[in-house]
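One structure is given here, and the rest of the page talks about it.
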Amino acid sequence: MCGSISFIWRLPCSSTHGLTVATAALRRKKASEAEMDRLAGTRLQLEMQVNTLESANLNAETMAAMQKASVALKTIHGNL
């Protein structure tokens, strides 16, 4: 069926040409999947870093509040 149209795909006249095209398509697919995996890993790492920074910010705010409370308690109980 060389050169005829089967559904919407045109079949190549050379079987080696079809193999070359299919092999190239599989290589592109594999490269795309590897890139997607790499990007997913990068995204996960960035999300973890954001969580770490938010936690550090919360810890800094907690320490500042505790320092203010310590000063207030020392002022209240300073004469005891």
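Read-outs: derived from the displayed coordinates by stated rules, not from any lab. Worth saying up front: this structure is predicted, and the values here are computed from it rather than measured. For neighbour counting, all protein chains shown are included, and Cβ atoms are generated from backbone atoms with ideal geometry for every residue, glycine included.
Here are some notes:
- Its Cα centre serving as origin, the range 14-76 has a Cβ charge dipole (Lys and Arg +1, Asp and Glu -1) of approximately 160 debye.
- Expected-Rg normalisation [2.2 N^0.38 Å, Cα atoms] applied to the range 14-76: 2.57
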